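Visitor: Below: one structure in structure tokens.
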Amino acid sequence: MTTSRVESKRTRLVQSARHSSDWNGALNAPLMRASTILFDRLDEYEVRPDRSSRKPSYGIAGTTTHFAFQEALAELEGAADAITLSSGLAANTVALQAFVNQGDHILVTDSIYYPARRFCDKILKRQGVETTYYDPTIGAGIEALIRPNTKLIYMETPGSLTFEMQDVPAIVAAARKHGVRTALDNTWATPLFYRPLEQGVDVSIQAGTKYIGGHGDLMLGYIAANEASFRAVYDMALFHGHCCGPEEAYQGLRGLRSMGARLDQHQRGALAVARWLQERPEVDRVLYPALPEDPGHALWKRDFDGATGLLGIVLAKPYEHRAVEAMIESYKYFGIGASWGSFASLVVSGYPERHQTARRWEATGPLLRYHIGLEDPDDLINDLTAGFERLEQANKG
């Protein structure tokens, strides 16, 4: 007698959207480059196939390569459908704009990805949409901020600079009570470790540039949504002419296949480094929800299946900027750069006090954000050790 079990997400990463019988036996979805699609009959052109048919009709609407990738993403997210875009920022801005009109109001987490915040402050404001930034730890208290004209609540958990966790089910419950849509940037966790739609979120956003691409050489974003919300984001993307190239779709689908193995290594490395950082006298606190000491750990443990490689630290005193420069500019393994999520370890400085408004950022010293790549954690720890020595020496000078 065989026992049934639920197929794991890692297996789905490998198995989803594989249609070898349609691809002449090819294991991977073939790369189809096309802008013009020819039709045999005029009436076939005039009534072009609907997106649900997964048949190409025009390049911007997708090729068979795009459709295979989107099918896999929708399955992983538990979504009605998904659309691929040229970048994570494109996915953010499409989701922010899809449900609003002049005179509307949106609630946005104070920990939002900064370029998306800039879009709210510059473009949405110009279009007559008001944004209120809320404390990411507000939970059910967000109901007090909902107005009659509030149309969207936009979340990111954890925040990708300050790493606050959000009580998503509580926020969703408040939103649904008032008929407000919800969207969530899930780039930190990926759909392998967290699936917002399973908790009632309407729209899940991802910068596929990062962990899905996995190699620091791909620009890609996507939006997955439930049945009630997908058409709005799909139409908004097409109105703006957003799409990703077929090569990017091909590489994104290819990246999905190995993402489970890569994320396991990112998680192991990040946990080892984070625990080591907790013991360093130069560090006041480590910002990483997978640590039991993190303020958001209970929410992370309740809702997430794992943690990825991005974490932050707050230094233990107000070190001089030149001392921080001396520490990070001579790292052997940590490059200075954004767009985390690849095999390589990175470090950048962060200044949340410059833009956060709903919750004052208070810290003993500078904030640094690290991405723990696929290098051996012991080598990264040795590199960090030497960096702290440079920090202290330079701060004395």
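The values are calculated or read from the model by the stated rules, or taken from the named source; none is laboratory data. What you see is a predicted model; the values in this text were computed from it and never measured. Virtual Cβ from ideal backbone geometry, glycine too; neighbours counted across all protein chains shown. The accessibility values were calculated without ligands, DNA or RNA, using every heavy atom of the protein model including side chains. Shrake-Rupley method; radii C 1.70, N 1.55, O 1.52, S 1.80 Å.
Visitor: Can you give the FRET efficiency to the nearest 0.05 for Arg33 and Ala261, using r as the Cβ-Cβ distance and R₀ = 30 Å?
Guide: E between Arg33 and Ala261, to the nearest 0.05, is 0.55.
Visitor: Keeping all protein chains in the complex and leaving out DNA, RNA and ligands, what accessible area do you get for Arg268 with a 1.4 Å probe, in Å² to the nearest 10?
Guide: Accessible surface of Arg268 is approximately 140 Å².
Visitor: What's the whole-number percent of alpha carbon pairs in the stretch 164-323 lying beyond 25 angstrom?
Guide: So the portion of pairs separated by more than 25 Å is 43 percent.
Visitor: For Asp383, Asp264, Asp40, write out the residues from largest to smallest accessible area, computed with a 1.4 angstrom probe and no ligands counted.
Guide: The most accessible residue leads, giving Asp40, Asp264, Asp383.
Visitor: If each DSSP helix of 4+ residues adds -39,500 (n - 2.57) and the sum is divided by the residues in the chain, what number results at 222 nm, nearest 500 deg cm²/dmol? Please list the in-between numbers first.
Guide: Details: 12 runs with 137 residues, N = 397.
About -10500 deg cm²/dmol.
Visitor: Please work out the Cα convex hull volume for the stretch 258-396 and give it in Å³ per residue.
Guide: 114
Visitor: Return the single residue from Trp361, Trp188, Trp300 with maximal mean-square fluctuation; model: Gaussian network over the chain, springs between Cα atoms under 10 Å.
Guide: Trp361
Visitor: Here's another thing I want to ask about it. Go through the stretch 78-83 residue by residue and turn each phi into a ³J(HN,Hα) via Karplus (6.51, -1.76, 1.60, θ = phi - 60°); whole Hz please, and just put x for glycine and proline.
Guide: Values, residue by residue: x, 9, 5, 6, 9, 10 Hz.
Visitor: Using a 1.4 angstrom probe on the protein heavy atoms only, line up His178, His66, His242 by accessible area, largest first.
Guide: Result of the area sort, largest leading: His178, His242, His66.
Visitor: For the stretch 33-170, what's the relative contact order in percent, using C-alpha pairs closer than 8 Å and at least 6 residues apart?
Guide: 20
Visitor: Using heavy-atom solvent-accessible surface (probe 1.4 Å) with all chains present, what is the largest-first order of Cys243, Cys120?
Guide: Result of the area sort, largest leading: Cys243, Cys120.
Visitor: List the relative contact order of the stretch 302-374 as a percent without decimals, with contacts defined as Cα pairs under 8 Å and 6+ residues apart.
Guide: It comes to 43 percent, rounded to a whole number.
Visitor: Roughly how many whole Å is it from the C-alpha centroid of the stretch 194-250 to that of the stretch 61-91?
Guide: 6
Visitor: Also: Please compute the modelled spin-label separation between Glu293 and Tyr114, points set 7 Å along Cα→Cβ, answer in nm with one decimal.
Guide: Result for the modelled spin labels: 2.7 nm.
Visitor: Please give the per residue volume of the convex hull enclosing the alpha carbon atoms of the chain, rounded to a whole number of Å³.
Guide: 169
Visitor: Please give the solvent-accessible surface of Leu299 in Å², to the nearest 10, using a probe radius of 1.4 Å with every protein chain present.
Guide: So the heavy atoms of Leu299 present about 40 Å² to solvent.
Visitor: Can you return the lysines within cross-link range of Lys9? Criterion is Cα-Cα under 23 Å, with same-chain partners fewer than 8 residues away left out.
Guide: Lys210, Lys301
Visitor: Let me ask something else about it. Give me the percent of DSSP beta bridges within the chain that run antiparallel, rounded to the nearest 5.
Guide: Antiparallel bridges make up about 55 percent of those DSSP assigns within the chain.
Visitor: What figure in square angstrom, to the nearest 10, would you give for the accessible area of Lys125 with a 1.4 Å probe?
Guide: In the full protein context, Lys125 sits at about 150 Å².
Visitor: Could you give the angle, 0 to 90 degrees to the nearest 10, between helix 246-278's Cα long axis and the longest principal axis of the Cα atoms of the chain?
Guide: Rounded to the nearest ten degrees, it is 20.
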